[in-house]
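The values are calculated or read from the model by the stated rules, or taken from the named source; none is laboratory data. In this text the structure is predicted, and so the values were computed from the model without any measurement. Every residue, glycine as well, gets a Cβ built from its backbone with ideal geometry; the counts of neighbours run over all protein chains shown. Surface areas here come from the heavy atoms of the whole protein model, side chains and all, with no ligands, DNA or RNA. Shrake-Rupley method; radii C 1.70, N 1.55, O 1.52, S 1.80 Å.
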Amino acid sequence: MSGHSSKPTVGALPDTTADSSFVPVALTWLVWSLFVASIVVLIARIRFGAAWEIPGLVAIDGLTVLMWVVVTFFSGIVHSYSRRYMAGSTHKTGFFLAMFGFTAAVMALVAADHVALFGFLWVAMGLVMAELIGITEGWKQAQAAATVARKYFIASSVLLGIALTALWWATGSTTVSGIGAAADTLGGSVWLVAAGALVLAAMIQSALIPFHNWLLSSMTAPTPASALMHAGFVNAGGILLTRFAPVITVDSTLMLAVVAVGAASAGGGKLLKSVQTDIKGKLGCSTVGQMGFMIMQAGLGFFGAAITHLILHGFYKAYQFLSSGEQVEHTSPSETTEHTIGRMTSAVGFVVALLTGLAGGVVFTVLTGKGASVDSGLLLTFFVVFTTLHAARSAVQHTSLPTLARYGTVPLVFFPAIVVYAVVYEGVSGLLAVGTATTELTLLHVVIAVGFVGIYVAIETGVHEHSQRLYVALLNATQPSSNTLLTSTEDYNEY
């Protein structure tokens, strides 16, 4: 199986060091304890509006406690999964220490208020993730992949350092909250440098096109680390833009630029995914596209939607990576052929999917008020309709129910899902200190919507496959760094 997996440990001697069993068990219990404590803190925040801070250093707000719950939950799942996955590996103890270190770094990052502490934790988070990617010592491809990732993460950290320095220079404040409070005074070349560096740092960390190479080169990471990476680490870009939302929203032109880069990655990720042949390669390209959606939602001014997206995407991607091995066991060439042949949707099925998507958009608008005015909220609602239509069409195609039952069941399944999404979105938005920052609807927004429809139709109908030049370009764009590729089976066995 190609993809994110650790090196086989068949025939390996068990790790017999004294702490080989104690460390994984202790850290797993500790992470789950942090998850329970985070829920308690979240409830206190919702119930009493409680907020805690160490002035000038740490500020625990709604985004902090929400991310604590999400991060510790995903980390707990991955820790529990890894106890069996890494059994017998000589790298087990180091792997668990690195995973817990990553969890602690993220938890501290979302609470950090001092810009120096925030920058330090951003660097630490990236370096620990690079360590997880290259956790297998002596495997040159793993070390090469870690080096590639480390270079990207350092570049992101340098850009963040430039942004934080420029913001301190412009506002005189050394805290994130202080910079946000002084955002009304920002403008000019210093602000432009700071805002541009923030966006680029977010793009690199979230593996947006053209910075996606580090993500597609990280195939040496053990599967649990990949789950943590795709469900958690790449979300850092959305968290960064949300935390510095007052800076990003100073100028509507910059917001349009954020929408554009997010849209390019969202559409590009779907195109890249269409030429992938292995399950984990597809998941990697899917992450590139989904992170584009997240950044685009931030550019539209809906930071609550961006955070909601990263949470729901995290649940989906963690499950997909941790269960990716089943795809090899349960898929055969004949099944793949039958699956491809059965992809055509009947006219009735398409109408059902279309009506479900439109009705889902209406439900979302009624529950959230987004899309009721001619502004950037209309584009957000468009993507809700588009996503619902795509999911409903897939369900109509692949659900093994009688035709009538299938068409009747799809709306019954998706309407509650839209309600849940709208409720989560409203709840998340209520926890954030930053509000919605809608912008006027422009021609660029319309072009993005039309472009998405065009890309979707081209892929679903196979039109894009008719161009050899496009196929080669997409295939080249999905290639990892050459020194991270395995060229012989001997390279894959350290024993």
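With point charges of +1 on the Cβ of Lys and Arg and -1 on the Cβ of Asp and Glu, referenced to the Cα centre of the chain, which listed residue (Leu475, Ile54, Ala236) lies farthest in the positive direction of the dipole? Highest projection toward the positive end goes to Leu475.
At 222 nm, what helix-only mean residue ellipticity would the chain give, in deg cm²/dmol to the nearest 500, using -39500 (n - 2.57) for each DSSP H run of four or more?
Values: 21 runs with 350 residues, N = 495.
Mean residue ellipticity, 222 nm, calculated: -23500 deg cm²/dmol.
Across the stretch 145-160, rounded Karplus estimates of 3J(HN,Hα) from the backbone phi angles (6.51 cos²θ - 1.76 cosθ + 1.60, θ = phi - 60°) give 5, 5, 5, 4, 4, 4, 4, 5, 5, 5, 4, 4, 5, 5, 4, 5 Hz, Gly and Pro being marked x.
For the chain, give the percent of accessible area contributed by carbon and sulfur heavy atoms, probe 1.4 Å, rounded to a whole number. Could you put the intermediate results ahead of the total?
Details: 14400 of 21330 Å².
C and S fraction of accessible area: 68 percent.
Each Lys and Arg Cβ is given +1 and each Asp and Glu Cβ -1; about its Cα centre, the chain then shows a dipole of about 320 debye.
For the stretch 43-197, the relative contact order is 20 percent, taking Cα pairs closer than 8 Å that sit 6 or more residues apart in sequence and dividing their mean separation by the residue count. Each of Leu444, Gly88, Tyr456 was scored by the projection of its Cα onto the charge dipole of the chain, and the greatest displacement toward the positive side belongs to Tyr456; charges sit on the C-beta of Lys, Arg, Asp and Glu. For His466, the solvent-accessible surface computed with a 1.4 Å probe is close to 150 Å², ligands and nucleic acids excluded. The heavy atoms of Trp68 offer some 40 square angstrom of accessible surface to a 1.4 angstrom probe.
Computed on the chain, with alpha-carbon pairs under 8 angstrom and 6+ residues apart, the relative contact order is 17 percent. Would you grab the residues whose amide H sits under 5 Å from the one on Trp52? Only those 5+ places off in sequence or on another chain, please, with H modelled 1.01 Å from N. The answer is Ile60. Amide H to amide H distances under 5 Å link Gln276 with no residue, where only residues 5 or more positions off or on other chains count and H is placed in the peptide plane. Positive-end ranking of Pro222, Ser373, Ala166 along the dipole of the chain, with charges on Cβ about the Cα centre, is headed by Ser373. In this structure the amide hydrogen of Thr175, modeled in the peptide plane, comes within under 5 Å of the amide hydrogens of Val115, none closer than 5 places in sequence on its chain.
Across the stretch 302-315, coupling constants 3J(HN,Hα) worked out from phi with the 6.51/-1.76/1.60 Karplus curve, θ = phi - 60°, read 9, 5, x, 5, 5, 5, 4, 4, 5, 5, 5, 5, x, 4 Hz, and Gly and Pro carry x. Number of Lys-Lys pairs in the chain with C-alpha atoms under 15 Å apart and a separation of 8 or more places or on different chains: 8.
Could you give the accessible area per residue of the chain, probe 1.4 Å, as a whole number in Å²? Walk me through the numbers before you get to the answer.
Details: 21330 Å² over 495 residues.
Each residue of the chain exposes 43 Å² on average to a 1.4 Å probe.
Sorted from greatest to least, the principal axis extents spanned by the alpha carbons of the stretch 126-233 come out as 51, 23, 21 Å. Sorted from greatest to least, the principal axis extents spanned by the alpha carbons of the chain come out as 65, 63, 46 Å.
Work out the FRET efficiency for Ala260 and Val463 from their Cβ-Cβ distance, taking R0 = 41 Å, and round it to the nearest 0.05. Using R0 = 41 Å, I get an efficiency of 0.95.
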